[in-house]
1. Please label the shape of segment A:52-153 as rounded, prolate or oblate, based on the square roots a ≥ b ≥ c of the eigenvalues of the alpha-carbon gyration tensor (a/c under 1.5 means rounded; beyond that, a/b larger than b/c means prolate, else oblate).
2. Return the average number of partner chain Cβ atoms within 10 angstrom of each residue Cβ along peptide B:109-119.
3. Working from Cα positions, state the angle (0 to 90°, nearest 10) between the long axis of helix A:5-24 and the longest principal axis of chain A.
4. How high is the relative contact order of segment B:59-157, in percent, with contacts defined as C-alpha pairs under 8 Å that are six or more residues apart?
5. Could you please rank B:Ile120, A:Ile21, placing first whichever residue has the fewest other Cβ atoms within 10 Å of its Cβ?
Amino acid sequence: MRFVAPGLLALAVLIAAHVVIWRARRPSGEYAALAVLGAGVLAVALTTFRITAVSLGSASGWLPRSPIEYVTAIGLYAALFLSYVTTYSAVQADSPTMTILLLIERARAAGCTRAELRARLDDRVLVLPRLDDLVAGNLVRLDHGRYVVTSRGTLMIAPHIRFRRWLMMEKGG
Amino acid sequence: MTAVLAAAALGLVPFAALLACIVAHVLVSRALPALPRHRGVAVGALAGLVALAALALRPIGQAAAPGDRVWLGVAWTLTYVSLVYWYVFGFFNLGESARRIRLLVELRAAGERGLTRAEILTAYNARMIVDARLGRLLAGGQVVERDGRYFIGKPLMLCGARALVLLKLVFLGAPSEFAERPPG
């Protein structure tokens, strides 16, 4: 248990803190704030584990003690954190695929035509909010009516472009 | 100090398995370009799992007390599975279907001149997005077409969509990002 429980417990604390803070006041730079929160929870958890292990004595069987137990717990927490942030990104912005499924489900026995889906999901719903996100995140700047990618945006997109070239795959989206 | 370094090296085992997964995914994608993408990802994930087993068996036997061996194996497997989840949905799938990434690709290709809103919407628009998504949903059987109308097919992804709505309610207090400002 010492290898698994600390990572899971730290993730549970992270999720609870995330929900409470985001419901109270959603930060503007969500992912940077989430990264800071993730690192903070890890630091607090490690300190608490250290103190609790000493004070609980033999009852602290589920807490990490040796270096390999600490390293494994940190590795597990880091991996869970990455998958948690990945899941949260799907919560933050509406996914077109999921929206299509929900619209078709809402139509029930009548079903939906392609034209009805296109009418509900136009550029104002699917494209322009994401363009606004890029500008708000300083990945793109608006220069006299033209959208220009910033150095930060170039830095962010470069690994994706290179990786898709390795995979020999065309532009996604 | 030696024990800490040895522990740190062992802690990298699931991350090395992820690297094996990515390398296998790239090699399979290049060697078999016609292979459906989800199959290429599955081959990569399986290759990583094999690498994890090969890398972990010996250290688990040496480093952990007999009672801890199973838990160390569980921890590394959980770590690996979480890393693969991140790789597939947080990295590979971003390049595959994320709108922000596609917009950045278009804008980067335009260079310092940039693009107007109209030019962007010529290169990438809602019609293309809906058609591409519908195509994938039909190919995967999540949606079926009858007489020009679409209906739910396999319900698994719909359950995922409902779960996301639930999470939106928990985190954002609304079922959609447009809940307070209706689209259109």
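Each reported figure results from applying straightforward, stated rules to the coordinates on display, with no laboratory input. It should be emphasised that the depicted structure is a prediction, and the values quoted were computed from it without experimental measurement. Glycine gets a Cβ as well: all are built from the backbone with ideal geometry, and neighbour counts include every protein chain shown.
1. Oblate is the answer for segment A:52-153, as a/c is 1.5 or above yet b/c matches or exceeds a/b.
2. Taking all residues of B:109-119 together, the mean is 4.
3. Tilt relative to chain A: about 50 degrees.
4. 10
5. A:Ile21, B:Ile120
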